[in-house]
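Reading through the C-alpha cells given below for one structure.
Laboratory data are not the source of any read-out in this text; all were calculated from the coordinates shown. Remember, predicted model here, so these are calculated numbers, not experimental data. Reconstructed Cβ throughout: ideal geometry from the backbone, glycine too, with neighbour counts over all protein chains shown.
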Amino acid sequence: MNSENQNNVYGAFELKKIYKKNYFIGVVAAIIFHLVVIALYIIIKPEGQNEQDNETKIRILKYAELGPPPSIIRNEQPTEKINAPKPNFGKLVAAKKGEAVSEFEVPKESGALTDVKVEPPKVEVKKEVVDKTFYVAVDMMPEPSGGIEAIQKKIIYPPNARSDKVEGKVIIKAFIDESGSVRRAEVIKGIGSGCDEAAIAAVMSSRFRPGRMNGKVVKVQMTISLVFRL
C-alpha cells in the first residue's frame, strides 16, 4: 500500500481541508468567551469597591497648609501672665553747672535713707589643711642622721638583759614628721627584759632627714631594726 492510499484511509486530506476553518472558529470562540467574562465582571462588580476606588486619592499638601504639630506634653496648662508693678526710681533732675552727673529726685513716699542697712561683706577665712597622714611608701624615705649605726650607739643595754644574757633584734615603727623629728614610736617585735624600752628611747632621741614625695617633705612611718648583742 502506497502513501496516498494510507492518507485516504486515515482521512489526512480531509483534516487538512477543515483545519483552517476549525482554527478560525476556535480563535473567535476564545475572544467571545473573554469578552463575555469581562462584561460580566464589570456588571457584577461590588458597589463598595467603586467607593473605595473613588476615596483612595492622593492629595499633595503644601507646607503652608499644614497646621502646627501636636503637643507632646500631656495636660499642658496655660501660663498666667503676672503683671508686676514697675519700680519707681523718681524723677530725673537735670545736672547743674559744675556737676558731672545728673541726680534722681527721691519720691516722697519712699522711706528715709536711715532705714537702709548696709551689711559688711563677709570674708571667708580659709583654714589651712594640715595633713595628718603618715605615708608608708614615698619617693625618698627618711634617713637617720649618721645612719642606723648612730641610733645603735645610743642604745643603753638594760642591766637585767645583760645579766640574763638576753640578745636579739627589736623592730620599731617610727613616725617621722616634716621636720625630721620622731613623733612617736611603737614596738612591732620585741625581746623583753627592758630592751624594747631602750630601743624606743634610742629612736626617739634621733634626728632624721625627712621623707619626700613629689618634691615635698611629708610625714612618713618606717620600721627600724636594732640589734642587742653582748
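I'm trying to understand the selection: among the residues of the stretch 183-212, which are under 49 Å from the mean Cα position of the chain (by Cα) and of a type in the set (Ser, Thr, Tyr)?
none
Within the stretch 199-220, track down each residue that is crowded, with 19+ Cβ neighbours inside 10 Å and assigned to a helix (DSSP H, G or I).
Passing the criteria: ALA199, ILE200, ALA202, VAL203.
Which members of the stretch 144-177 meet the condition of being outside any loop (DSSP other than H, G, I, E, B) and exposed (fewer than 13 other Cβ atoms within 10 Å of the Cβ)? Break it down stepwise before answering.
Going residue by residue through the stretch 144-177, those that are outside any loop (DSSP other than H, G, I, E, B) are 144, 148-153, 159-163, 168-176.
Scanning the stretch 144-177 gives GLU149, LYS153, PRO159, ASN160, SER163.
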